[in-house]
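One structure below.
The values are calculated or read from the model by the stated rules, or taken from the named source; none is laboratory data. Everything numeric in this text was worked out from a predicted model, so none of it was measured. Don't worry about glycine lacking a Cβ; one is built from the backbone with ideal geometry, like all the others, and counts go over all protein chains shown.
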Amino acid sequence: MTNVALRRASTERQAGVWQAVPLLAASTMPVLGSVLITPVLPQISDHFEHTAGSAVLVPLIVALPALMIALFAPFAGQVADRFARKSLLLVALVVYAVVGIAPALMDDLRLILVSRALVGLCEAAIMTVATALIVDYFPDERRRNEYLGLQAVTTTLAATVFVAVGGALGANSWHTPFWVYAAGLVIALPVAVSLWEPEPDEVLRSEQTRVPAVPWSALRLPLLVTLFGGTTFSVLVVELSYVVVDTGIDEKNTAVIGAVAAAASLATAAGGLAFRRVARFTPTRLLPAAFALQAVGMVVVWLAPGLPVVVAGAIVASVGSGLLLPTMVVWVVASQPFEQRGRVSGLWNSAFFGGQFLAPLVATGVAAAVGGLAGAVGVIGALALAVALLLRWQGTPSSTQVPTADA
């Protein structure tokens, strides 16, 4: 989630639940874009079997929005500051709904990919503005952190629901789940009614006349780890449905495929919720633990003789993913000074979603080299274990700009 140069809400209005709920709902739309279609990817692959390059292009239906976020996240804060935030959020939600629904009426793979790219652009705006408005409306640190925490939990739990919905609707046709993107229009209504445009805090602006440079030397390794973490986080999200089909489940049995994906998503939420209990440990311990859990789960998926073991491995790996995400945010972003936090957050989002975009490409390439998708998942799991050992052995870097990670 991208932080931006912040404006504080006018003291004449006090925000509450009626403002928080639409913003939290809007924050789930990028999750909808990434997971809703995963249960029907095998059907889409079968439908476009004779389209040139479909083996790579079909997974991009899920990954392309992440690429657009990766490309535009560093500029998202500037966009949100240049335009009225509420208006930008409304436009993004409406356009998101229109271009999101479009594939339900399409039968051309390349046109579908164009619509998915536009979905990603809208998601970049939605993520940026929703987060900025939460901070604008709740200047009190305790309430702000409470709602930002709820934003993370809400998006993770929403993924579980969206995967199950996508699987259930996909039983009718792979076109059907795309109609769920109409939710953007539903959310736009309370956004239009309940939200207001926050007024700039001129004192805050005057304090930002001189902005220090981003500490690149301290951020190189954290951003590289985030890029890799985005890849490991997304591999099973994108590829799990194919692995399930490889165990003998019919590709049209989207109820089972969706249920497995939902179980993995719920495990990710559990890992995220567990972070609050283990946050007292530093990233030197938490990052290796998260990558190690991913590694164990992926290797189990690789060696699995059938569906039950695939599910068990996916759950273990997903718990690791849920722990990994907030740990990386704390390591890279949370302790940055205010005047650097927006840009560093944008860079973090760019790295993380860049990793999400690379995930299907890496998995496809490794699968071609090792002779199967399950083997590719195992290789990526082995790499996650190697990264876990390196981070634990060397420790994460510390500086005055990046949170220390001493054991």
* May I ask you to verify whether V91 is over 25 Å from A255 (Cα atoms), β-branched (V, I, T) and in a helix (DSSP H, G or I)? => yes
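Scan region 38-55 for residues that are hydrophobic (A, V, I, L, M, F, W, C) and in contact with a helix residue (DSSP H, G or I) (Cβ under 6 Å, 6 or more places away or on another chain) and jot them down. Break it down into steps so the answer makes sense when it comes.
Step one: filter region 38-55 for residues hydrophobic (A, V, I, L, M, F, W, C), giving 40-41, 44, 48, 52, 55.
Result: V40, L41, I44, F48.
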* To do: Find the residue count for region 1-28, including only residues that are under 23 Å from T327 (Cα atoms) and at pLDDT 80 or above.
  => 3
* Structure fact -> In region 170-191, residues that are touching a residue at least 24 places away in the same chain (Cβ under 8 Å) and part of a helix (DSSP H, G or I) total 15
* To do: Return a yes/no flag: does region 246-256 have any residue that is at pLDDT below 85, of a type outside the set (G, A, S) and within 13 Å of V301 (Cβ to Cβ).
  => yes
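Residue check: is L287 surrounded by fewer than 19 Cβ atoms within 10 Å (Cβ to Cβ), modelled with pLDDT of 80 or more, farther than 30 Å from L169 by Cβ and of a type in the set (A, V, I, L, M, F, W, C)? Steps first, please.
Details: surrounded by fewer than 19 Cβ atoms within 10 Å (Cβ to Cβ): no; modelled with pLDDT of 80 or more: yes; farther than 30 Å from L169 by Cβ: yes; of a type in the set (A, V, I, L, M, F, W, C): yes.
No: the conditions fail for L287.
In region 267-283, which residues are surrounded by 19 or more Cβ atoms within 10 Å (Cβ to Cβ) and over 17 Å from V309 (Cα atoms)?
Step one: of region 267-283, the residues surrounded by 19 or more Cβ atoms within 10 Å (Cβ to Cβ) are 267-269, 271-272, 275, 282-283.
Within region 267-283, T268, A269, G271, G272, F275, T282, P283 qualify.
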* Residue check, P198 against (1) surrounded by fewer than 17 Cβ atoms within 10 Å (Cβ to Cβ); (2) closer than 21 Å to S87 by Cβ, all met but one. Which one? -> (1)
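Out of all the residues in region 138-150, is one or more at pLDDT 75 or above, over 11 Å from T28 (Cβ atoms) and surrounded by 19 or more Cβ atoms within 10 Å (Cβ to Cβ)?
Residues of region 138-150 that are at pLDDT 75 or above, as a first pass: 138.
Filter once more, keeping what is over 11 Å from T28 (Cβ atoms): 138.
Now restrict to residues that are surrounded by 19 or more Cβ atoms within 10 Å (Cβ to Cβ): 138.
Yes, region 138-150 contains a residue that is at pLDDT 75 or above, over 11 Å from T28 (Cβ atoms) and surrounded by 19 or more Cβ atoms within 10 Å (Cβ to Cβ).
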